[in-house]
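Asker: To start, I am sharing the structure in question, which I have written as structure tokens.
Every number in this text was worked out from the coordinates using simple rules, so none of it is lab data. Predicted, not measured: the structure shown is a model, and the values here were computed from it. As a convention, Cβ positions derive from the backbone with ideal geometry for all residues, glycine included, and neighbour counts pool all protein chains shown.
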Amino acid sequence: MSVIAPKFRLGYLIKAITDNIFWIIVLLTLIGLPAVMIVLIYIDFPVIDGEIWNPFRVFDAMTHPERSLPLVKNFMQTDFFKIAVFPGLGFAALIGGGVIFVERKLLAKLQLRVGPFYCGKVEGILQLVADGLKLISKEIIIPAKADKPIFWAAPVLFAATAAAFVALIPVAPGWVVADIDLGLLAVFAVIGFFPIITVLSAWSANSKYPFIGGIRALFQMVSFEIPLILSLLGIVMLTGTLDLVEIIESQVNFPWIIFMPIGAIVFFICILAELERIPFDLPEAESEIVAGWLTEFSGMMYGLVQLGTYIKLYAFAALFVVMFLGGWNGPWVFPIEPIAEVITDGIVIMPGALTVELSGLPLFSQEMINGTIWFVLKTVAVIFFILLPRGVFPRVRIDLLLKIGWYKLIVLAFVNIFIALALVYSGVIGPGGIM
Amino acid sequence: MTSQANPKNKEILPGLQLETVDDKIMTLNVGPQHPGSGHMRIILKIDGDYIVHCDPDPGYVHRGEEKMAEYRNYITNIPHLERPVIHDSCNILYPYCLGVEELLGLEVPERAKYLRVIASELNRCVYTQYWLAIYGIFLGHSTMFMWPMGDRELVIDLLEKMTGARVTHSYFVPGGVRNDTPPNFEDVCLRQVNYFEKRLKEYADIFYDNPILISRTKDTGILSREDAIKLGTTGSVLRASGVDFDIRKKEPYDVYEELDFQTNVLKEGDSYARSKIPWLDMFESCRIIRDALQKMPKSGSVRIKLKPNPKGGDTEVYRRVESGRGSLGMHIVSRGKPQPYRLKISVGSFRNLIAMPHLLTGEMLGNMPAVYWSLNYWPVEADR
């Protein structure tokens, strides 16, 4: 018996880190932070208004609302905040993570079981964190004959494309990452990227099941993109614009789903197909082709694809809300004018120092909060209906799927366009609402 | 011919054959490590999305049950003989016990006969629920995976009360059953079976009347009446093709003659009919159990005592029963020793597997799970 010293491996390092995560955090805070601050004392600090802004002063300012709130508010109006946190990736990832948990619990209730239960004591609320840690700590295995650069790039590209989709969705008045005039056209362009990434990843894996899954995904996405685009054309005719913000503003009085329910149904079914959800999960059909185009992804590569999938789910649901359900429009959930009592109830701040009037929630404008609440409520409702078929339907076959796409949905989408044309020419509705 | 033409082939080991490679045909090894295969391998050759050749390759879970039985006494054979299909363990022991009783000339008490029928029908429900759950998940219907698994627990609880074990019961012994039922078993059994039947009716709403399921399984993998007889299929596959054949009716054993039930026969012969027959059979099982509970003698012996090492004569017997997967027969050869000289097990699974290449050739790849699992094939039992 001889003991061989273990070779250095990234997996071992990550395992050591995850095993000792508690001590690492404790030591970093107790030793690391004071050490950094001692070093910083001997560095030249910026001088603003005759004051030296050393780290202690910054901490001091952060605890004082008169100084910290304008700083935070300025930070919130930067592009970085919009991309990374609120209408962008962080918000979408938060909703996506919530959707994963809700999906598991919802399906469990449907199927007479409990779902995630132990992780995090309360109804398995930390299951997602546990799954993420597991995926990070797993070894990444790549097929020997894979085309490695493309295979590595595919999950990243997939998540990035989903995030680019999120950037186009206006969440609240003024809160959209990329406010472009041809927003809907950009959405179609982003949707057109998904089949390319799928086929690239499937082909580069150089394996049989991913290849079959990729070809299936290509068939499915291409044949469902046409009715998806056609079903939104009616709204473009009625509003006369491709700007998503203007489309939302045209629905102040009524959402478009009232006038074109057929278009909404076609769009919803196309969403299910684009998202590869049951009953249209042929590219990942487990009992036929293992996991389809995801078969060869392991560890965090798979995790990235899943993250991208759920961000994409959020983005499609949000697009449904924007196009058919009126986006952020909704009744006021709290009063428009700030009431005097509320001001005295909130954080005590000097009134002249801040530009924000409302206390209690001093950082955001009231329109933004109201719009976000309605937007999130509507999106969650749509996501619920996207999740539900998974408990009810089996998977369709590829020939039936193509028949649904080409024979039925395209015809229905054209019917929807004719309805829109009739509404425009009869003079009932035109750009700008009811005439 | 190809091996001679290619000089590289000299290094190839003897026995390895080379195939001519066609660029249009892709070979898929479905299994044994595949979520849609079970403990077996199916070698598929597909042209586009159509299967042009199918070659099932069982044998991954062969345990040599027949050879093992030659080294054990007639009583000690019982626990290992139920391993091939632990979900249907009463039914796989049934022909063995019937055969050994005939061999040793034992007369089974009347109450034990009824208990055997009840246990075997409950066990058929357990097996069929398990099979149905997997059929559901093979078609991507996750609710149909969970519901039968949950409802199966009802029947398993009943069997646990009756036999003391959840899955591997070892309940049947030559000369009766191992033990009598607990005191209020009849009432509990009746109540649970009634509830179970109510739950079974709900499967129609979620599964059997589902339009997507019907569009997927109707008219796929059609097995005609003639082919079903010619290929030697049994059980639900045979009855789905329009052949009225049930061993409980044709060659009644124990008390099946006196009980009131019917045989379900459908004429379509497609995957949908094959998946529906076991579900309909579960209603008949409930009917049989209710009838047997009524007609069963309320008290009496359930087992006759055997000598320590009973020896059979110089004869051989063959007895068969209707299991969850069709005809299940055992051929026991005795040469005057406490052990069987030879035990041959003939299972329905393997006989239904023969129909698989016949059905899958020409189908689409998406139909593979729907057709494969509708054949009521249990890989472990087929390998024995």
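Asker: What's the extension gain from B:H80 to B:I25 if we count 0.36 nm per residue and subtract their Cα-Cα distance?
Answerer: Contour length minus Cα-Cα distance gives 15.5 nm.
Asker: Further, regarding this structure: Assuming R0 = 22 Å, can you tell me the calculated FRET efficiency for the pair A:Y12 and A:S298, based on Cβ-Cβ distance, to the nearest 0.05?
Answerer: Calculated value: 0.80.
Asker: Same structure, new question: Can you compute the modelled spin-label distance between B:D209 and B:Y60, with each label point 7 Å from Cα toward Cβ, in nm?
Answerer: Going from the B:D209 label point to the B:Y60 one covers 3.8 nm.
Asker: Sticking with this one: B:E257 versus B:S224, label points 7 Å from Cα toward the beta carbon: distance in nm?
Answerer: 3.8 nm
Asker: Relative contact order (percent) for segment A:171-254, with alpha-carbon contacts under 8 angstrom and 6 or more residues of separation?
Answerer: Relative contact order for segment A:171-254 comes out at 38 percent.
Asker: Note down the magnitude of the dipole of segment B:223-308 about its Cα centre, charges +1 on Lys and Arg C-beta and -1 on Asp and Glu C-beta and zero elsewhere, to the nearest 20 debye.
Answerer: 480 debye
Asker: Under a crude label model (7 Å from the Cα following the beta-carbon direction), how far is A:V102 from A:E246 in nanometres?
Answerer: 3.2 nm
Asker: I've got another one for you. What value, in deg cm²/dmol to 500, does the helix sum -39500 (n - 2.57) over DSSP H runs of n ≥ 4 give at 222 nm once divided by the residues of chain B?
Answerer: Taken over chain B, the calculation gives -13500 deg cm²/dmol.
Asker: Would you mind estimating how fast segment A:207-284 diffuses translationally, via Stokes-Einstein at 25 °C and 0.890 mPa s with the Kirkwood radius over Cα pairs, in µm²/s?
Answerer: Stokes-Einstein gives a translational diffusion coefficient of 174 µm²/s.
Asker: Dipole size in debye (nearest 20) for the protein assembly as shown around its Cα centre, Lys and Arg Cβ +1, Asp and Glu Cβ -1?
Answerer: Dipole of the protein assembly as shown, to the nearest 20 debye: 3040 debye.
Asker: Working out 0.36 nm times the residue gap between A:N253 and A:F418, then minus their Cα-Cα distance, what length gain in nm do you get to one decimal?
Answerer: 57.1 nm
Asker: Take the alpha-carbon centre of segment A:76-103, take the same for segment B:130-200, and report the distance between them in whole Å.
Answerer: 48 Å
Asker: What is the pair-distance distribution P(r) of the protein assembly as shown, computed from all Cα-Cα distances in 10 Å bins starting at 0, with each bin given as a whole percent?
Answerer: Going from the shortest bin to the longest, the percentages are 2, 10, 17, 18, 17, 14, 10, 6, 3, 1, 0, 0.
Asker: Please compute the volume of the convex hull spanned by the alpha-carbon atoms of segment B:313-384 and report it per residue in Å³.
Answerer: 88 Å³
Asker: Hey, which aspartates and glutamates would be in cross-link range of B:K311, C-alpha to C-alpha under 20 Å, not counting anything within fewer than 8 residues on its own chain?
Answerer: B:E66, B:E70, B:E101, B:E102, B:E107
Asker: Would you mind checking the pairs A:K82/A:K138; B:K201/B:K230; A:K15/A:K148; B:K267/B:K344 and listing those with alpha carbons more than 29 angstrom apart?
Answerer: A:K82/A:K138; B:K201/B:K230; B:K267/B:K344
Asker: Sticking with this structure for a sec: Ratio to report: Rg/Rh of segment B:211-277, with Cα atoms as the point set and Rh obtained by the Kirkwood method; give two decimals.
Answerer: 1.07
Asker: Pull out the extension gain between A:A381 and A:V36, defined as 0.36 nm times the separation in residues minus the alpha carbon to alpha carbon distance; nm, one decimal.
Answerer: Full-extension gain reported as 119.5 nm.
Asker: So if I take the centroid of the Cα atoms in segment B:29-93 and the same for segment B:240-310, what is the distance between those two points in Å?
Answerer: Taking the Cα centre of segment B:240-310 as reference, the centre of segment B:29-93 is 24 Å away.
Asker: Can you report the principal axis dimensions of segment B:32-148 using only the alpha carbons, biggest first, rounded to whole angstrom?
Answerer: 60, 35, 20
Asker: Sticking with this structure for a sec: Charges only on Cβ, +1 for Lys and Arg, -1 for Asp and Glu: so what's the dipole of segment B:65-330 about the Cα centre, in debye to the nearest 20?
Answerer: Roughly 340 debye for segment B:65-330.
Asker: Project the alpha carbons of chain B onto their principal axes and report the range along each, largest first, in whole Å.
Answerer: Projected onto the principal axes, the Cα atoms of chain B cover 75, 53, 34 Å.
Asker: If you take the Cα Rg of segment B:119-238 and divide it by 2.2 N^0.38 Å, with N the number of residues, what do you get?
Answerer: Ratio of Cα Rg to 2.2 N^0.38 Å: 1.29.
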